[in-house]
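The block underneath contains the structure these notes are about, expressed in C-alpha cells.
The values are calculated or read from the model by the stated rules, or taken from the named source; none is laboratory data. None of these values were measured; they are calculated from a predicted model. Cβ atoms come from the backbone with ideal geometry, glycine included; neighbour counts cover every protein chain shown.
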Amino acid sequence: MAAYPGQGFPAAGPPPGSPYGQPPPGGPYGQPSPGGPYGQPPPGGPYGGGGAPYGQPGPYGQPGPYGGAAPGGGAPPGVDPEAFSWFQAVDADGSGFISVRELRQALVNSNWSAFDEETCLLMINMFDKTRSGRIDVYGFSALLQFIQQWRNLFQQYDRDQSGSISFHELQQAFSQMGYNLSPQFSQLLLSRYAPRAPNPSIQLDRFIHICIQLQSITDAFREKDTGLAGHLRLSYEDFLTMVVTRML
C-alpha cells in the first residue's frame with residue numbers, strides 16, 4: 001500500500017492515490033489495480049505472444065525478428081531471449097547500444113506513428129546507467145518491460161479500444177490514479193501532447209510521457225510537502241530547483 005503517490009511502484013509508475021485527489025476505496029491511499037499496479041501481462045510471453053495492442057503484428061507494432069534464438073549465441077544472463085533478439089535487430093549500427101534514434105525507429109503507436117522523440121529520450125535517460133545517452137542490452141530489456149507495463153495500463157484506460165485516449169478517458173485515468181486534476185488541466189495536457197484534430201486524443205507514447213513527468217514532479221512536490229497537506233509555500237528559486245532537479 002502506498003503512503004504517497006508512487007510509493008511502492010516501479011520508477012515513474014502511476015500513483016494509486018494521494019492527498020492531491022480523493023483516495024479510492026480500500027485504504028487511506030488506495031489499492032493498486034487488480035493484478036498489480038499495471039495489470040497482468042497478456043498470455044503467451046512477456047510482450048503478449050499473440051500480437052501487440054489492437055492487433056498489430058509485432059510486440060509494439062513492428063514486424064521483424066523479435067522472437068526465437070538470438071543469432072550468434074544466447075542471451076546474456078538475466079536478459080529475456082526475445083528481448084535480446086530484438087535488441088540485435090534494433091541495434092542497427094552494431095555498437096552494442098541503442099540510441100534515441102534507433103529506439104524511435106523500433107517503436108510505433110497503434111496508428112503506426114513513430115514514438116515521439118522526446119518520449120524516447122525520456123525513457124533512454126531513465127535506463128541509461130552510464131549517462132552516455134544510450135542503453136545497453138540490460139537497459140533495453142528493462143525498458144521493454146517498462147513499456148509493456150504502461151501498455152497494459154493504457155489499454156485499461158482506452159475503454160473504447162480505439163488505440164488512443166480521449167479527453168474523457170484521460171480525465172478518468174487521472175482520477176483512477178488518484179490525481180484530483182481539473183478538466184481544464186486535462187485539456188491543457190491534451191492540447192500540449194495530442195495532435196491538433198477535431199477530436200484530439202493521446203497515443204501510447206505521449207501517455208507514457210505525461211505520466212512519467214506528472215509522477216516525477218509529484219515526487220519533487222511531496223519531498224517538500226512533509227505534512228502531506230497538498231499545498232506548499234515556495235520561493236521562486238526553490239520552485240525552479242524542484243522542477244529542474246526532476247527533469248529527466
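Data for the structure
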item	result
Ala114 vs. criteria free of Cβ contacts under 8 Å to residues at least 24 places away in the same chain, within 23 Å of Gln213 (Cβ to Cβ) and under 14 Å from the mean Cα position of the chain (by Cα)	no
Where Gln213 falls short, out of the listed (1) buried (at least 20 other Cβ atoms within 10 Å of the Cβ); (2) under 10 Å from the mean Cα position of the chain (by Cα)	(1)
Candidates Ile210, Ile165, filtered to the one that is more than 30 Å from Ser132 (Cβ to Cβ), at pLDDT 90 or above and β-branched (Val, Ile, Thr)	Ile165
Filtered residue count, region 90-106, keeping only those that are surrounded by 15 or more Cβ atoms within 10 Å (Cβ to Cβ) and either touching a strand residue (DSSP E or B) at 6+ places or on another chain (Cβ under 7 Å) or not in a loop (DSSP other than H, G, I, E, B) (or both)	10
Selection count where residues are buried (at least 20 other Cβ atoms within 10 Å of the Cβ) and charged (D, E, K, R), scope region 135-168	3
Filter result for the condition that a residue is assigned to a helix (DSSP H, G or I) and closer than 22 Å to Ser113 by Cα, over Gln172, Gln155	Gln155
Close pairs from region 159-179: first within 18 Å of Pro195 (Cβ to Cβ), partner among the aliphatic types (A, V, I, L, M) and surrounded by fewer than 23 Cβ atoms within 10 Å (Cβ to Cβ), Cβ under 8 Å, at least 6 apart	Phe167/Leu190; Leu170/Leu189; Leu170/Leu190
Filtered residue count, region 186-243, keeping only those that are of a type in the set (Val, Ile, Thr), touching a helix residue (DSSP H, G or I) at 6+ places or on another chain (Cβ under 8 Å) and either within 27 Å of Gln156 (Cβ to Cβ) or part of a loop (DSSP other than H, G, I, E, B) (or both)	5
Which numbered condition Cys120 fails, given (1) farther than 16 Å from Cys211 by Cα; (2) crowded, with 20+ Cβ neighbours inside 10 Å	(1)
